[in-house]
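> Attaching a single structure in structure tokens format; questions to follow.
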């Protein structure tokens, strides 16, 4: 099913700061992304941040971003730094890394 022209496929890159490792954060992010029909990954980084890269319709990506910033996530999110760009493709499913 192709995205509608008013809702093009985009890429969201989000760096999530706070207590977000060892608390199930990536698993919950994956579950939320799959429910929204997104592809990508959530990756732990040595400095304690989680990198979330997701591709899909803009409205679904905005819903994921809203969830990342909400009190519904496991752990404690203190900051989410986002960037947007056109989708690059090449992603399948949504995985934890």
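The values are calculated or read from the model by the stated rules, or taken from the named source; none is laboratory data. All values derive from a computational prediction rather than experimental measurement. Ideal geometry is used to build each Cβ from the backbone, glycine not excepted, and the neighbour counts take in all protein chains shown.
> Any residue at all in segment 62-72 that is in contact with a helix residue (DSSP H, G or I) (Cβ under 9 Å, 6 or more places away or on another chain), touching a residue at least 60 places away in the same chain (Cβ under 8 Å) and within 22 Å of residue 89 (Cβ to Cβ)?
Just the residues of segment 62-72 that are in contact with a helix residue (DSSP H, G or I) (Cβ under 9 Å, 6 or more places away or on another chain), to begin with: 63-64, 67-68, 72.
With touching a residue at least 60 places away in the same chain (Cβ under 8 Å) added as a condition, the list becomes none.
No: zero hits.
> Out of the residues in segment 68-79 that are buried (at least 17 other Cβ atoms within 10 Å of the Cβ) and at pLDDT 95 or above, which is farthest from the chain's Cα centre (by Cα)?
Looking at the filtered set, the residue picked out is 77.
> Something else now. Can you pull out the residues in segment 74-97 that are touching a strand residue (DSSP E or B) at 6+ places or on another chain (Cβ under 8 Å), closer than 16 Å to residue 38 by Cβ and assigned to a loop (DSSP other than H, G, I, E, B)?
87, 88, 89, 91, 92, 93, 97
> A further question on this structure: Looking at segment 38-60, can you tell me whether even one residue there is out of contact with any helix residue (DSSP H, G or I) (no Cβ under 8 Å at 6 or more places or on another chain) and touching a residue at least 60 places away in the same chain (Cβ under 8 Å)?
Checked against the condition, which is being out of contact with any helix residue (DSSP H, G or I) (no Cβ under 8 Å at 6 or more places or on another chain) and touching a residue at least 60 places away in the same chain (Cβ under 8 Å), segment 38-60 yields no hits at all.
> A follow-up question, please. Residues of segment 33-59 being more than 18 Å from residue 90 (Cβ to Cβ) and buried (at least 21 other Cβ atoms within 10 Å of the Cβ), which ones?
Of everything in segment 33-59, just one residue is more than 18 Å from residue 90 (Cβ to Cβ) and buried (at least 21 other Cβ atoms within 10 Å of the Cβ), namely 50.
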